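Every read-out reported here was derived from the displayed coordinates using simple, explicitly stated rules and does not represent laboratory data. Here the structure is a predicted model, which is why all the values come from computation and not from measurement. Methodologically, a virtual Cβ is constructed for each residue, glycine included, from the backbone with ideal geometry; neighbour enumeration extends over all protein chains shown.
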Amino acid sequence: MRRFVLTRALGVALLSLTCHARAQDGSSPEVVMAGSSKPPTSAADSGDWIRELPSVKSVREKIKGQDAPDTAARQVATFDTLNKYIAARAGFAPPESAPAAVAKTYAAYQSAQVDRKAQPVEVARYVEQGTAFQLEVLSVLLPAESIAQYRASAAFEKQQAEDAQRAETRARQERVREAKGKATGDRGVLGIPLLEPLDLPACDRALALPADLMGIGRGAPETCKIEPGAMPRGLVPALKAMLRKAEAQYTWLPVMLADSTCPAWMKNGGSCLLMIAMADDVAAGALVPTGLDAKTIESQLAAKYQQPAVDGEEIHCGNRSTRAVTSNTVERVWALPGVSVSFEPVSRDCTHGRVLVQTWLLPGAQPQKP
């Protein structure tokens, strides 16, 4: 029995040495992951893909850029791509767990990424292109069947999802930059900057909120965001009733102004609460309920935007019981660079007015193309 055990141990040792020697001379034995008793089921799943891996010299010969620095950046990003490819095909996460058959090549690619000619910013530019860059360089270095296997891997699909998320983030940031570039005037609404994230604390849950837009409004100790579900049942519909159908489709978040910030003409409208329209993760517009102090509000808006208003739509309001028209007025409008401001001195219920500010992130504020 003892003789059998010694013989078996010697055989295992010799096998280990053989694999190590093959790894040193560049040959690649077939890879079977630890814990797996199933042999490869096809050529694509076998160790053939390991023998296809290009040498560092081959990468440097085949991957070129516009000039020497660009070539160095592309090659460093390519070696990074090849190690992602190896990790996905061999099924390991940290480099330390790489199978022996690929560890040498993996390490060679890592060493090749240390290139003084490659500028980190330029390397990052290629790496940030994600799977599009990977497929571009892999198509020069590897057979199509192996690339197809890589594209079908969970690691590649995860990278694709991350690419899409990054692309959407960049597009969102670009839209905000463009909107800021167009909005050259005052972008503040009662202390809240538009085209910036809504960086406000949550309101205290014990804060008393008005049940409707009647009476005299009161503000909070500090300007704050009202948490979802905390608004009185009838208050949101009352606020959105001041909007046109298209404007009501925006994502609106309620904000309670600090009592010290809330102006008298707003308190006379029954509340210190306003609604902020969100788009691309920033405050893109504001709906401010007002009292009926039309002259005061218009003069303050004209001073704020440094120009008089022009006439907009006619506004008719009527008795809520009989529907009889009891007041007629005209919307006051400021068409500013990148911002649209509308003041309705009287809303449809004849008891309030409203100011609506929209940046160009909101489709209703953008000028219509002829």
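Among 161-171, 336-346, 291-301, how do they line up by average Cβ neighbours within 10 Å per residue, starting with the highest? Each step should come with its number before you reach the end.
Numbers: 161-171: 11.9, 336-346: 20.5, 291-301: 16.7.
Answer by packing, highest mean first, reads 336-346, 291-301, 161-171.
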Modelling each spin label as a point 7 Å along the Cα-to-Cβ direction, I'd like the Ala211/Asp281 distance in nm, to one decimal.
4.1
By its C-alpha gyration tensor, with a ≥ b ≥ c as the square roots of the eigenvalues, how is the range 219-370 shaped: rounded for a/c under 1.5, else prolate for a/b larger than b/c, else oblate?
rounded
Find out how many positive minus negative residues lie around Gly130, taking Lys and Arg as positive, Asp and Glu as negative, among other residues whose Cβ is under 9 Å from that of Gly130.
-2
Quick one: which residues, 5+ away or cross-chain, put their amide H under 5 Å from the amide H of Gly47? H built at 1.01 Å from N.
Val31
From the backbone phi of the range 83-100, what are the Karplus-calculated ³J(HN,Hα) couplings (6.51 cos²θ - 1.76 cosθ + 1.60, θ = phi - 60°) in whole Hz, Gly and Pro given as x?
6, 5, 4, 4, 4, 5, 6, 8, x, 10, 9, x, x, 4, 9, 5, x, 4
Amide H contacts under 5 Å for Leu336, restricted to residues at least 5 apart in sequence or on another chain and with H modeled in the peptide plane, are Val341
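Would you mind putting 56-67, 246-257 in packing order, based on average other-beta-carbon counts within 10 Å, highest first? Please report the intermediate quantities before stating the final value.
Values: 56-67: 13.5, 246-257: 18.4.
Highest-to-lowest ranking by the protection proxy: 246-257, 56-67.
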For a test of the definition: using alpha carbon positions, the gyration tensor, and the 1.5 limit on a/c, classify the range 68-150 as rounded, prolate or oblate.
oblate
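Between Gln249 and Glu136, how high is the FRET efficiency from 1/(1 + (r/R0)^6) when r is the Cβ-Cβ distance and R₀ = 51 Å? Nearest 0.05. Each step should come with its number before you reach the end.
Details: r = 41 Å, r/R0 = 0.80.
Approximately 0.80, to the nearest 0.05.
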Using a Förster radius of 41 Å, what is the FRET efficiency between Arg51 and Glu174 based on their Cβ-Cβ separation? Nearest 0.05, please.
0.40
So who's got an amide H within less than 5 Å of the one on Val330, skipping anything under 5 residues away but keeping other chains? H placed 1.01 Å off N, in plane.
Ile315
Size of the dipole of the range 188-365 about the Cα centre, Lys and Arg at +1 and Asp and Glu at -1 on the beta carbon, nothing else charged, in debye to 20?
500
